[in-house]
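Below you'll find the structure, written out as structure tokens, and then a few comments.
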Amino acid sequence: MLQLPDSPPRMKTLVSVDESYKLCRHLTAKYAKTFYLGTLLMSPVKRQSIWSIYAWCRRTDELVDGPASAITTPETLDLWEQQLESIFAGHPLENYDVALVDTLQRFPMDIQPFRDMIAGQRMDLYRSRYETFEDLYLYCYRVAGTVGLMSTAIMGVDSTIYTAPWQQNKQPYVPIEEAIALGIANQLTNILRDVGEDAKRGRIYIPLEDLAKFNYTEQDFFKGVVDERWRALMRFQIDRARQFYTTSDQGITYLASDARWPVWAASMLYGQILEVIERNDYDVFSQRAYVPQWKKLRTLPLAWMRSQVL
């Protein structure tokens, strides 16, 4: 039950900071296996902070996509945003929030990306179609690009590359655009992977202008038609997602040295979902694309090498 920040003090005692981080860790490990694997490559402080961010994002998403989504209203999200303000004021209202308050004290960040994510959930309350990619891009930024901004505040940037005398007064480059691009790439990948599940809920996230471009109709979509039109459409969508991965990868070198390996791993592991879709002959209606654990583990050494040389 959401509670207003100015409500009377609650009687329930919240868990300790350590216990709250454990709750966030379990939530991340349960619902984001690939993402969780990448976090294990981070330093302890950074990884647990990322878990607290993920837990908040997951719970935000659950408001419109979870078991209780049928009773979610705009007022529900208003209350959630007020709870967010309480967190940023240092007053957690739920057990998961305790870890996020601690994270914000360690890694100060702007509240706006969190607000933007809630705005993305508002879009899901009244939209089940996106006419153009520009429309979809705004949605992807709000629900996923914002995660890149939140994470960059925790990852940190590398200032040691500015060692030459003429560079010493230069501010370190913060890869904001690249961080957003990784979030967009991940969300586009999610959209392609989850086509079948979204179709069952009456949702189409692939832009309608793209369906028309390949002469593929909404009726075809809901029937799960996989033909050459669909394959060509999916190749187009996958190419777009990969362009965002390419942009995001260019920013990894600017991150703090202890963040490069996990970010490379996360980018490579998530990008492999697109490869599985291709191997499945673009059938995302009847089968879900997933990367087997052995392949994830085999990717980690290559990600480490890239973190050292790129």
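The values are calculated or read from the model by the stated rules, or taken from the named source; none is laboratory data. Everything quoted here is computed from the prediction, not taken from an experiment. Cβ: placed from backbone, ideal geometry, glycine included. Neighbour counts: every protein chain shown. SASA here: full protein model, heavy atoms, side chains in, ligands and nucleic acids out. Shrake-Rupley method; radii C 1.70, N 1.55, O 1.52, S 1.80 Å.
For the stretch 5-30, which positions are modelled with pLDDT under 90 and either open to solvent by less than 60 Å² (accessible area, probe 1.4 Å) or not hydrophobic (A, V, I, L, M, F, W, C) (or both)? Across the stretch 5-30, the qualifying residues are 5, 6, 7, 8, 9, 10, 12. Residues in the stretch 132-152: is at least one open to solvent by 20 Å² or more (accessible area, probe 1.4 Å), more than 19 Å from the chain's Cα centre (by Cα) and at pLDDT below 95? The answer is no, given that none of the residues of the stretch 132-152 is open to solvent by 20 Å² or more (accessible area, probe 1.4 Å), more than 19 Å from the chain's Cα centre (by Cα) and at pLDDT below 95.
Within the stretch 100-116, the set of residues being farther than 21 Å from residue 141 by Cα, within 19 Å of the chain's Cα centre (by Cα) and touching a residue at least 40 places away in the same chain (Cβ under 8 Å) comprises 100, 103, 107. Residues of the stretch 182-199 that are open to solvent by 10 Å² or more (accessible area, probe 1.4 Å) and within 20 Å of residue 255 (Cβ to Cβ): 182, 186.
Filtered by the rule that a residue be under 17 Å from residue 266 (Cβ atoms) and either among the basic types (Lys, Arg) or touching a Cys at 6+ places or on another chain (Cβ under 6 Å) (or both), the stretch 17-51 gives 25, 33, 46, 47, 51. Residue check: residue 56 meets all listed conditions (1) over 15 Å from residue 115 (Cα atoms); (2) modelled with pLDDT of 95 or more but one, namely (1). Residues in the stretch 31-81 that are hydroxyl-bearing (Ser, Thr, Tyr) and open to solvent by 10 Å² or more (accessible area, probe 1.4 Å): 9 in all. None of 209, 275 is open to solvent by 50 Å² or more (accessible area, probe 1.4 Å) and over 24 Å from residue 124 (Cα atoms) except 275.
Just one of the listed residues (97, 102) is in a helix (DSSP H, G or I), surrounded by 19 or more Cβ atoms within 10 Å (Cβ to Cβ) and touching a His at 6+ places or on another chain (Cβ under 9 Å), and it is 97.
Applying the selection to the stretch 24-68, what residues are more than 19 Å from the chain's Cα centre (by Cα) and not in a loop (DSSP other than H, G, I, E, B)? Residues satisfying the conditions are 44, 45.
The residues of the stretch 235-283 that are hydrophobic (A, V, I, L, M, F, W, C) and closer than 18 Å to residue 172 by Cα, listed by number, are 252, 255, 256, 259.
In the condition set (1) open to solvent by less than 60 Å² (accessible area, probe 1.4 Å); (2) at pLDDT below 95; (3) not in a loop (DSSP other than H, G, I, E, B), residue 178 is compliant with all but (2). Checking each residue in the stretch 105-123 for being under 19 Å from residue 204 (Cβ atoms) and either open to solvent by 10 Å² or more (accessible area, probe 1.4 Å) or not in a helix (DSSP H, G or I) (or both) picks out only 122. Scanning the stretch 247-283 for residues that are more than 17 Å from the chain's Cα centre (by Cα) and either of a type in the set (Asp, Glu) or under 13 Å from residue 186 (Cα atoms) (or both) turns up 258, 275, 278, 281, 283. Pairs meeting the criteria (first residue in the stretch 69-91 and assigned to a helix (DSSP H, G or I), second residue surrounded by 13 or more Cβ atoms within 10 Å (Cβ to Cβ) and among the basic types (Lys, Arg), beta carbons under 9 Å, at least 6 apart or on different chains) are 74/122; 77/122; 80/59; 81/115; 84/115. From the list 259, 289, the one residue that fits, being part of a helix (DSSP H, G or I), buried (at least 17 other Cβ atoms within 10 Å of the Cβ), of a type in the set (A, V, I, L, M, F, W, C) and touching a Lys or Arg at 6+ places or on another chain (Cβ under 9 Å), is 259. Among the residues of the stretch 223-243, the ones that are open to solvent by less than 40 Å² (accessible area, probe 1.4 Å) and under 28 Å from residue 37 (Cβ atoms) come to 5 in all.
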